[in-house]
1. Determine which member of the set A:P102, A:P75 is without any contact (Cβ under 8 Å) to a residue 40 or more places away in the chain and either under 21 Å from A:Q141 (Cα atoms) or surrounded by 21 or more Cβ atoms within 10 Å (Cβ to Cβ) (or both).
2. Can you find a residue that is more than 10 Å from chain C (Cβ to nearest Cβ) and free of Cβ contacts under 8 Å to residues at least 24 places away in the same chain anywhere in the stretch B:160-169?
3. Assess whether A:T238 counts as being surrounded by 24 or more Cβ atoms within 10 Å (Cβ to Cβ) and modelled with pLDDT of 90 or more.
4. With (1) more than 14 Å from the chain's Cα centre (by Cα); (2) within 21 Å of A:G285 (Cβ to Cβ); (3) small (G, A, S) as the list, and A:G237 as the residue in question, which single condition is left unmet?
5. Any idea which of C:A75, C:A95 is out of contact with any Lys or Arg (no Cβ under 9 Å at 6 or more places or on another chain) and assigned to a helix (DSSP H, G or I)?
6. Taking the options C:G242, C:G248, name whichever one is more than 30 Å from C:Y132 (Cβ to Cβ), more than 9 Å from every other protein chain (Cβ to nearest Cβ) and touching a helix residue (DSSP H, G or I) at 6+ places or on another chain (Cβ under 8 Å).
7. Can you name the residue in the stretch C:40-57 that is assigned to a helix (DSSP H, G or I) and within 14 Å of chain B (Cβ to nearest Cβ) and is also nearest to B:G20 (Cα to Cα) among such residues?
Amino acid sequence: MVQAKDLEIEGLVCRYATTMALHGLDFRVAAGEFVSILGPSGCGKSTLLRAIAGLVPTTEGSIRVEGKSIDGLRPSERAVAFVFQSYALYPHMTCRANLAAPLVMTELSAFGRSAVFGRLSPRARRVQASIGERVAATAKQLEIDGLLDRRPAALSGGQRQRVALGRALIREPDLFLLDEPLANLDAALRNRTRSDLRALQRRIGATTLFVTHDQAEAMAISDRIIVMFDGRIRQIGTPDELYRAPADLDVARFLSQPHLNVVPAEIVRRALGERTRAGDIRIGGRPLSAIEGVVAFRPEHATMARLDEPALPGLRVRVDHAEHGGSEANLFVRLVADDTPCVVRIASRAIADWPSGREGVLHFELDATHVFPGEHADMGEPGLSGRAVA
Amino acid sequence: MNATERQRRRVGTALALPAGTLLAVLLLLPSIGVLSFSLTDYQFGMPGFDWVGLANYAKLFTDPDIRRSLFNTLLYVVMVAPLSIFAALALAILIEGEGRLGSVFQTIYFLPITATLVAMATAWEVALHPTFGMVNAALSAFGFAKVRFLSDPDTALATLAVIGVWKILGYNTLLFLAGLATIDRDLYEAAAIDGADGGWGRFTLVTWPQLAPVTLFVTVITLIRCFSEFETVAVLTNGGPSGATDMILFTLYQQAFRYFDIGVASALAVAFLLFVALLSIVQVSLFERGGAA
Amino acid sequence: MTRRDLSRLATRTVLVLVAIITLMPFVEMLAVSFASKSEVYTGAVLPMPSLAATIANYGYAIREVPLLRYLANGAFVCGMIVLLQVLIAAPAGYALAKLPFRGRPILFGAVIVALMIPLQVPAIPLYLAIAYAGLLNSYTALILPFVVSAFGIFLFRQFFVSYPDEVLEAARLDGFSELAIVWRLMLPAARPAVMAFAMISIIVHWNDLYWPLVVVTKTSMMTPPIGLMEFRSSGDSTGHIGALMAGGVIATAPLVACFLILQRHLVRGLSFGVRT
């Protein structure tokens, strides 16, 4: 168990000719917290991680660990551990040497590292012995003790990933930085590894930043998630906050992959009317009559009704096709009014009821529906539902 | 810029400095020197020189010996380049179809690449010798008249061209084989489904278009090597008989290091550089398009 | 016989014919080096080998023509050239590929320009400088113009460009200094590129005739190609054609043997630029 430390980023700006830039980021990560940085590729999330590690220079702003700035330090002095997407193991070294590398390079002098002097100096021998013990302990913890004498090329993807994890852990870092460490694993292994990873993090208690582009992965293992687009933070929150109250349409879309239904408010108004006997129809806390822009809801919050069944008013749609997904299915439909495509989650045994071309009525849960300014509005503005943190 | 960045720059400069300095001193500055020499009448050993403008370049077109040398070079290129390129392509395709046996032929064809050309040229000379050479012995065994390959002005350049093809064929075959190995097998299956399952159909639909970049690369390399032919002339004919095999590099060598006429030699060197640089520009742009970052 | 068999037969015939032509000068060289002069002059396609003649021919090449001296010169000159080329080009290639130093675009431009300049162009001023410095007929003269290889720098740059950046970042995090990265990571990684480059360079410089011909006139400084050429053009060779061919065999054999052993490395190096 390490002494967990908190991380504070203030006004962080990175400007480059080539890499993705960062435009003023502010956030805090509490000691021992597991925070994901989620965003599409090219949004700057990897750059952020590298800036914290000191691998890329920052232009403005500060990075503080336990209140102490680490801006001027070399990467190796920052007490951060980094796991790379490609694992970045040293190809010509055995796993043992890979695990030992951070300790050898920081704790032994150039003399102590050399084969001859390293054996002569008693101090170097002591350090080497302690390095050997720590390598063995780390390997045991990650169950790679049987692989120590192999080279990376002789390992499977999952084994390499664990060696990379071990090389990061062995330094007993203040901060644990993971750059898509699961992206190169196959689907089955990825799910198992991600729970192993979270369990490991809980056990050692290190403050962790985890970069990913997979929203399901981020939702599954994070205490909190930072959503980034184009070098800016769009929203910070717990998985539940993000799911229930996305800050803007981009965030909503990104978290609702693969499908989010986005319908112009005007069409919803025409289909539903503005009020029922019980009072005004409200979406996202606002009366439908006052809403401009678009209304967004997820496939799982929509249902289909037949035209001949008596039901509440809804959106009139025509069925395009269905995709079987096991117990449930996605029904692809288009609004009769303006051809907007929508997706409805139905029970897979109901597919037969909805052949291509059939018309029906689409209902959606008003409570789980979000309202955003129109598609082309400035997305930097706060959305109407939820809160934006930028 | 942080400390790491500064250290990276320092180390980068330190690692690149020796190479940069030596490139400038040994290659770039002397080449600029040649440009200036070509505008003078400097002769090695003479105390001074005069600027003569483009007179040395005019000499390349007027001096009958130099003109013949340039003409011979072109003739040599025309004889060697097309044959060694297309024959190599054909051989590469044949070898590829042979599987295990192909690698035996491959090894045999590659042998001239490593062989010392001076030794091999001498061996060719012996093989072509009118009285005891293997080739003439074979010719007379089949009832043909003996040929004085290297001492007859009508056959000397063609004979050097044959040796030139012999020398370069294996290397070109190697390049084509490397190119063939990069062709995606799926393309052949797709071509077969599209109806091109015969040899010629496969070649025109898949092999030839896929090899186009390699072919260009091979062509450039071959042209440069043909323009630069020197050893066979220097060892076997000395430009003779009566100038029939004089070629640009041999003339350059003689002007510079036998007659010490630095002005004319420099003009020839600049002309030679222009040939090679033009071809190299094509080559480098291919390199950059295909291989670099 | 099916059409398939026929085409296979035709293919093999062509391949065998080309192989015969390719091997012909090698066979002639070996055959004559094993034969006595009288055998050679009978005009048979292949002269009969004889042990006595073989000993006489090779003995003459080694004793009378100072062929061992040539071989030693060639080995020393080649070795120094390759060593210096790798020591100078590999770090520069790494810097060009991975380190952001001032002047990097200029150096890369210079390398590209240098790639296009054949040796014969700077040869004239280099010769004049070497002559004025009194260094003709010296190892320095034979080695100096080749110590920096633009091709080598380019090849190593291409090699290092494809080395993953993440491994370098990992190394910086693990506390490697920039020099430790070069020494402990890049050097071991560059082994295949060094092998491929060294083989090409050895072939080029072992067999080079032009430059030795320019700067060497003394027998004691000659490399195998110029030595052989000297022996061939001296009146001595007409009487000792077997010895001349023996000399050819001795000069050629080391590289051909090397090639047969290391064929794969060599092929990889030579086809650099095609496999993209």
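The values are calculated or read from the model by the stated rules, or taken from the named source; none is laboratory data. Since this is a predicted model, take the numbers as computed values, not measurements. Counting neighbours? That spans all protein chains shown, and the Cβs are built from the backbone with ideal geometry, glycine included.
1. Within the list A:P102, A:P75, the selection yields A:P75.
2. Looking for residues that are more than 10 Å from chain C (Cβ to nearest Cβ) and free of Cβ contacts under 8 Å to residues at least 24 places away in the same chain, one finds none in the stretch B:160-169, hence no.
3. no
4. Only one criterion in (1) more than 14 Å from the chain's Cα centre (by Cα); (2) within 21 Å of A:G285 (Cβ to Cβ); (3) small (G, A, S) is unmet by A:G237, namely (1).
5. Every option except C:A75 fails the conditions.
6. C:G242
7. The selected residue is C:N57.
Residue by residue, here is whether (1) of a type in the set (A, V, I, L, M, F, W, C); (2) without any contact (Cβ under 8 Å) to a residue 24 or more places away in the chain holds:
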| residue | (1), (2) |
| --- | --- |
| B:T73 | no, no |
| B:A87 | yes, no |
| B:A92 | yes, no |
| B:G97 | no, yes |
| B:V104 | yes, yes |
| B:A115 | yes, yes |
